[in-house]
1. Of the residues 191, 121, which is closer than 30 Å to residue 82 by Cα, in contact with a Ser or Thr (Cβ under 8 Å, 6 or more places away or on another chain) and part of a helix (DSSP H, G or I)?
2. Identify the single condition in (1) touching a residue at least 12 places away in the same chain (Cβ under 8 Å); (2) crowded, with 16+ Cβ neighbours inside 10 Å; (3) assigned to a helix (DSSP H, G or I) that residue 134 does not satisfy, given that it satisfies every other one.
3. Looking at region 403-423 only, could you name the residues that are surrounded by fewer than 20 Cβ atoms within 10 Å (Cβ to Cβ) and in contact with a helix residue (DSSP H, G or I) (Cβ under 7 Å, 6 or more places away or on another chain)?
4. Can you tell me which residue among 124, 113 is among the β-branched types (Val, Ile, Thr), at pLDDT below 95 and surrounded by fewer than 23 Cβ atoms within 10 Å (Cβ to Cβ)?
5. When you go through (1) modelled with pLDDT of 90 or more; (2) buried (at least 16 other Cβ atoms within 10 Å of the Cβ) one by one for residue 80, which number turns out not to apply?
6. Here are 194, 251: which of them is within 25 Å of residue 354 (Cβ to Cβ), at pLDDT below 85 and surrounded by fewer than 20 Cβ atoms within 10 Å (Cβ to Cβ)?
7. If residue 268 meets every condition in (1) modelled with pLDDT of 85 or more; (2) over 37 Å from the mean Cα position of the chain (by Cα) apart from one, which number is that one?
8. Exactly one of (1) surrounded by 16 or more Cβ atoms within 10 Å (Cβ to Cβ); (2) of a type in the set (A, V, I, L, M); (3) part of a helix (DSSP H, G or I) is unmet by residue 153. Its number?
Amino acid sequence: MNETYSLVKPDAKEWSDLPLCPPARRQTVVAWLIVLVTTVASFIADRGWEDLPPEYWQGTYQALDMYGLSATFVALIVSFTGWLFGRLAVAMAPIVLLYAAIPYSLDTSESATFWWAGTIAAATWWLIQARFTLRQIHAVRTLASVSNTGTTIELGSGAIEALRRFKRRSLSWATGLSALAIVGWLAAMMAMPAAVGRTYQELEDLALPDCLGTAAATVSILALVQWHRCGWRFLARRRIGTVVWHVPIVAGPVQGLWASLSEDAGTVPFNRASSVPSCSCIEESLRANPDEADLYGDIGVLASAYCPVHGIDRINSLSVEQFRSEATNTWLWDEESLLPMSTQAESDRTLLIGYAGNAFTGLPARFTNGMAEIYPGADDLVEERESHTNESEWERPLRPLGGVLDRIDLAPAGLGGHAVRYLHGRAWFDTTDEA
């Protein structure tokens, strides 16, 4: 069954001005440090390095002890590994510390104040980050509304399947972890009667409920964090709607969209190279790479600089009008150059399916038979751009400055940019913000 999305085409400046969330590393490190500092402070408050008094060993094991010990172990686990969880640590930190604060308060422990202080600090940090995300969702929703073209576009079968697979994978993780947590808690409860009422001297070591409780609590927190992530994605996509973004080539909120724009630059389609008798590209390429002979039927052949048909002399001998008419041919362009993008042809534009801020960065796609279809094998979300990077500077290749022959405006050919020809190299394409 086909799915129809609204097509939105944002202005280049408005797309580049969309707010970014704080860097993931900063969010993660602060959340992790809150857990680490709280755990260390609580250890100091309870004088955890001292030997337990003899009367402690005569006390009896209670259910509350299982929660307290498992909370301590979970806090220790997150203290050592919390930075590995990325942005998930922001939601994980307040849950971990709250889980420790409650049993330590019921046990009137001296460290309870520190656990609660850490919980409040972690919750405050989560609220700050949530505010950034909500602000971004609002900005994206506003831009989607004002940039709506009033037209719709169907998703290709690959895009539909990729979205369903992504949703299925996220919900499966959340559901699976939840089920595992329930099993863990049931096992801990079943093991509890054998330990409750016995003295610590009789138990000698960790009781079985402590181990099971620690495992169940860890999985429970992971499940809650995964549901938290699913909730944010649902909220973001619900607020923004089902949209396909017609993305301009500027530094926007995501990165990595333009890697495919120069994949074929500097090559000649195999059929063309083999059908032109005077073309020497295949011969030159085989001499340089004899092991790749079997691939030439599937990929383009690297254009030879000395080929009489596709070489540099041929490129520079074209008149301005001839170059414009040939500008969509890949062999004209340097291997590092972007390929020209049509200002009219939608097939030359990159699409982004479902972008809804950092909660859901969207699937990269392109126009295929009038539908939005993902690139073959590319079913992962694009990466969010960090605030200190600029894709238009570090992702887009920079052309050489010397040896320029001339500069050709390609607008008359319906291409958004200029061609820069070189005395000793292939041409480079300079794109405009409108392309």
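The values are calculated or read from the model by the stated rules, or taken from the named source; none is laboratory data. Small disclaimer: the values here were computed from a predicted structure and weren't measured. Because the Cβ atoms are built from the backbone with ideal geometry, glycine has one as well, and the counts that use them run over all protein chains shown.
1. Only one candidate qualifies: 121.
2. In the conditions (1) touching a residue at least 12 places away in the same chain (Cβ under 8 Å); (2) crowded, with 16+ Cβ neighbours inside 10 Å; (3) assigned to a helix (DSSP H, G or I), residue 134 misses (1) alone.
3. Listed by number, the residues that qualify are 405, 412, 413.
4. Criteria check complete, one pass: 113.
5. The single condition residue 80 does not satisfy is (2).
6. When all the criteria are applied, what remains is 251.
7. (2)
8. Condition (3) is where residue 153 drops out.
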